[in-house]
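Student: I'd like to ask some things about the structure below.
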């Protein structure tokens with residue numbers, strides 16, 4: 001894991017693959033992107049590269065990782081670059097991480113690469129830092145199930161120097177990158193984000209792997225965490241996705257159980273506007289993809305139904321999205337719902353998640 005292109009993720013992955021091969025492990029390269037970098041290409045010499053699969057889409061030919069060919073070859077370890085990649089339409093699976101899951105299910109160990117900004121729970125923070133909305137994301141649970149996460153670190157100054165020397169991209173692309181995503185302030189913030197994520201991962205794994213005596217010593221802290229339960233309100237508001245990410249990230253940090261709850265009028269689902277119904281279902285599916293338990297409750301008023309559910313399930317924190325002020329459709333009702341939740345949930349912490357403009361914007 002790194003924080004930007006060019007820090008050395010693919011190089012390190014191939015270095016480890018070569019080391020495994022030198023120790024007698026059956027290793028193959030399922031996919032890698034050289035980006036024209038000679039040092040990276042040199043690391044593939046003498047390694048087995050499984051040919052890519054060609055897929056036709058809208059009159060053009062694309063190359064994707066051939067998962068079936070890797071399964072047929074059945075190496076002990078497979079190196080797969082660019083874990084968050086979205087496959088071209090027509091592929092067997094939508095995402096490369098889903099292809100990797102298929103390899104893992106078949107008993108093939110995988111070395112792979114990604115940047116921290118592709119973690120789903122960090123999507124809003126990355127947008128605020130960079131002004132770029134990352135579209136290729138990976139659910140956090142996918143990364144958490146890895147046997148090992150290695151942070152490939154490089155100072156922003158060193159990375160910018162690599163860009164200037166043309167090591168990462170060609171001259172024209174490098175100049176454009178340094179004027180946009182690769183500004184030093186952006187790289188510093190992304191690196192800090194990656195280091196914090198690594199520290200959290202280390203803490204999580206240390207607790208999980210602790211000896212029984214150590215776990216007993218930490219039982220008081222664990223008991224506190226077990227009492228934490230988080231609920232996020234699901235509505236059609238676009239800001240709901242941000243509230244889901246925030247709730248999931250806090251839930252993971254606290255080790256808390258997390259619920260995503262939508263409230264609709266009893267027997268009135270068909271009367272709901274189609275666009276609103278689709279938006280709510282999209283947000284529920286998004287929560288399910290992050291492995292958050294979802295519920296759809298019925299009631300005439302959202303706030304009392306939500307708080308009743310929260311009390312019955314001993315919820316400690318409720319996350320709701322702040323309605324966008326610029327929306328003209330039902331803004332008063334939306335604001336009243338949030339205020340009613342705050343008024344009724346005196347014994348719980350209510351977190352109102354609001355949007356922010358990316359750093360550096362007016």
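The values are calculated or read from the model by the stated rules, or taken from the named source; none is laboratory data. Note that the structure is predicted; figures quoted are calculated from it, not measured. Backbone-built Cβ (ideal geometry, glycine too); neighbour counts: all protein chains shown.
Student: Which of the residues belonging to region 9-30 are in contact with a helix residue (DSSP H, G or I) (Cβ under 9 Å, 6 or more places away or on another chain), surrounded by fewer than 23 Cβ atoms within 10 Å (Cβ to Cβ) and within 23 Å of residue 177 (Cβ to Cβ)?
Tutor: 11
Student: Tell me the helices (runs of 4 or more DSSP H) entirely within region 81-165 that contain at least 3 residues that are closer than 19 Å to residue 64 by Cα and in the same structural domain as residue 52 (by TED's automatic domain parsing).
Tutor: The qualifying helices (runs of 4 or more DSSP H) are 96-105.
Student: Counting just the residues of region 168-203 that are within 17 Å of the chain's Cα centre (by Cα) and modelled with pLDDT under 80, which one comes out surrounded by the fewest Cβ atoms within 10 Å (Cβ to Cβ)?
Tutor: Going through the qualifying residues, I end up with 200.
Student: Another question, then. When both residues are 6+ apart or on different chains and their Cβ atoms are under 7 Å apart, which pairs have a first residue that lies in region 327-355 and is under 11 Å from residue 303 (Cα atoms), and a second that is loosely packed, with under 12 Cβ neighbours inside 10 Å and at pLDDT below 90?
Tutor: none
Student: Only one of (1) in contact with a helix residue (DSSP H, G or I) (Cβ under 8 Å, 6 or more places away or on another chain); (2) at pLDDT below 95; (3) in the same structural domain as residue 169 (by TED's automatic domain parsing) fails for residue 57. Which number is that?
Tutor: Residue 57 satisfies every listed condition except (1).
Student: Condition (residue is assigned to a helix (DSSP H, G or I) and either within 28 Å of residue 153 (Cα to Cα) or over 22 Å from the mean Cα position of the chain (by Cα) (or both)) applied to region 50-67: is it met by at least one residue?
Tutor: Yes, some residue in region 50-67 is assigned to a helix (DSSP H, G or I) and either within 28 Å of residue 153 (Cα to Cα) or over 22 Å from the mean Cα position of the chain (by Cα) (or both).
Student: When the residues of region 302-330 are narrowed to those that are part of a loop (DSSP other than H, G, I, E, B) and modelled with pLDDT of 90 or more, which ends up nearest to residue 348 (Cα to Cα)?
Tutor: 316
Student: Among the candidates 94, 106, which residue alone is free of Cβ contacts under 8 Å to residues at least 40 places away in the same chain, surrounded by fewer than 21 Cβ atoms within 10 Å (Cβ to Cβ) and under 17 Å from the mean Cα position of the chain (by Cα)?
Tutor: Within the list 94, 106, the selection yields 94.
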